[in-house]
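Structure first, then comments.
The values are calculated or read from the model by the stated rules, or taken from the named source; none is laboratory data. All values derive from a computational prediction rather than experimental measurement. With ideal geometry, Cβ positions are generated from the backbone for all residues, glycine too; neighbour counts draw on all protein chains shown.
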Amino acid sequence: MVRLVLALMASATLLPSFANAADILEPLPVAEPVPDDYSGWYIRADAGYAFSSETDGSFRSYDAHTNQYGDDFRYSSIKLDDSYSVGAGVGYRFAEHFRTDLAVDYYNFDVKGSSACAYSYGGDCRFNDTSDADIWTAMANAYVDLPYFGPITPYFGAGIGFANVSYGDMKNEVCSNVCGDPKNYVGVHQGEDSWRFATALMAGASIDLTHSLALDVGYRYTRIYDGDAFEFDATDKLAGASGIQGKDNGFDLHTVRAGLRYSFF
């Protein structure tokens, strides 16, 4: 009897240990994967400083006596002065290091042009042109975000799209000796509005300000291809000229930008 009591007491003492062992053998709970805490969509807005850019172009003359157009003559310079840009876009992040956006940007430039006269007015003849140009670009862009360094994420990207170049009226001064002389002939040429092909390359870095908001600072190179610039002036039109007189050979725009990018969560 004593042995039975001792056996029962020993069994009771071991039960908690068996229970603990059973707990250890139970399978551990599997952690559910943590879903991404963002929707992928973002919006951006920025402003930039556009450096001056110089290109060339061509124009043709018109002879009212023969009703013939001259061959294309070369502009020695068409210069866009320093200016500004503003832009906005909407984008989507497909992966941690890859995103795209559709963006629209606006530039405004003062334009200065110069060339040798197509035919002699006497003396040291050259043309001195002044105008302005509004440029809109609509681009589809893709970016690769590099591994980040704390809150800073470097990136590079490329874009392709279209540009609308709209010239204002161009004042064309014929400088037979000195430009600015009140006796010089000044013709006014209507500016042209044309759509052109455009491409872009970007590089920069974003800095996280909050969970959703980032400061984006970078550089963008935009190539805008050739197109129409202006028509013949009123005197040539009255003499019978028509169509486009001048064209440019496109522009290389260099812009530094800063803006904000907001991601939706």
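The table below lists the values:
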{"quantity": "Identity of the residue in the stretch 201-230, among the hydroxyl-bearing types (S, T, Y) and surrounded by fewer than 21 Cβ atoms within 10 Å (Cβ to Cβ), that ends up farthest from D169 (Cα to Cα)", "calculated": "T210"}
{"quantity": "Test set (1) in contact with a Cys (Cβ under 8 Å, 6 or more places away or on another chain); (2) of a type outside the set (F, W, Y); (3) in a strand (DSSP E or B) - D124 fails condition number", "calculated": "(3)"}
{"quantity": "Qualifying residue in the stretch 177-188 (condition: basic (K, R) and outside any strand (DSSP E or B))", "calculated": "yes"}
{"quantity": "Index of the failed condition, Y121 passing every other in (1) closer than 29 Å to A214 by Cβ; (2) modelled with pLDDT under 95; (3) out of contact with any Asp or Glu (no Cβ under 6 Å at 6 or more places or on another chain)", "calculated": "(1)"}
{"quantity": "From G246, G250, residue being on the phi < 0 side of the Ramachandran plot and surrounded by 15 or more Cβ atoms within 10 Å (Cβ to Cβ)", "calculated": "G246"}
{"quantity": "Filter result for the condition that a residue is in contact with a Gly (Cβ under 6 Å, 6 or more places away or on another chain) and closer than 30 Å to D145 by Cα, over T210, T222, T255", "calculated": "T255"}
{"quantity": "Filter result for the condition that a residue is modelled with pLDDT of 95 or more and loosely packed, with under 15 Cβ neighbours inside 10 Å, over V144, V111, V165", "calculated": "V144"}
{"quantity": "Which listed residue is free of Cβ contacts under 8 Å to residues at least 24 places away in the same chain and not basic (K, R), from G259, G243, G227", "calculated": "G243"}
{"quantity": "Options R196, R220, R126: the member that is under 16 Å from G87 (Cβ atoms) and of a type outside the set (D, E)", "calculated": "R220"}
{"quantity": "Complete set of residues in the stretch 181-213 that are free of Cβ contacts under 8 Å to residues at least 12 places away in the same chain and under 26 Å from K237 (Cα atoms)", "calculated": "D181, P182, K183, N184"}
{"quantity": "Search result, residues across the stretch 67-79 that are modelled with pLDDT under 90 and of a type in the set (D, E, K, R)", "calculated": "D71, D72, R74"}
{"quantity": "Given (1) surrounded by fewer than 19 Cβ atoms within 10 Å (Cβ to Cβ); (2) more than 27 Å from Y84 (Cβ to Cβ), index of the condition D233 fails", "calculated": "(1)"}
{"quantity": "A64 vs. criteria within 53 Å of the chain's Cα centre (by Cα), within 30 Å of A138 (Cα to Cα) and either at pLDDT 50 or above or surrounded by fewer than 10 Cβ atoms within 10 Å (Cβ to Cβ) (or both)", "calculated": "no"}
{"quantity": "Qualifying residue in the stretch 95-109 (condition: within 22 Å of S52 (Cβ to Cβ), aromatic (F, W, Y) and in contact with a Leu (Cβ under 6 Å, 6 or more places away or on another chain))", "calculated": "yes"}
{"quantity": "Filter result (out of contact with any Asp or Glu (no Cβ under 7 Å at 6 or more places or on another chain), part of a strand (DSSP E or B) and polar (S, T, N, Q)) within the stretch 197-218", "calculated": "T199"}
{"quantity": "K237 being farther than 15 Å from F127 by Cβ and part of a loop (DSSP other than H, G, I, E, B)", "calculated": "no"}
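Residues are listed down the side, and each one gets a yes or a no for (1) on the phi > 0 side of the Ramachandran plot; (2) free of Cβ contacts under 8 Å to residues at least 40 places away in the same chain; (3) aromatic (F, W, Y):
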{"site": "D129", "(1), (2), (3)": "no, no, no"}
{"site": "D132", "(1), (2), (3)": "no, yes, no"}
{"site": "W136", "(1), (2), (3)": "no, yes, yes"}
{"site": "Y143", "(1), (2), (3)": "no, no, yes"}
{"site": "F149", "(1), (2), (3)": "no, yes, yes"}
{"site": "P154", "(1), (2), (3)": "no, no, no"}
{"site": "G157", "(1), (2), (3)": "no, no, no"}
{"site": "K171", "(1), (2), (3)": "no, no, no"}
{"site": "C179", "(1), (2), (3)": "no, no, no"}
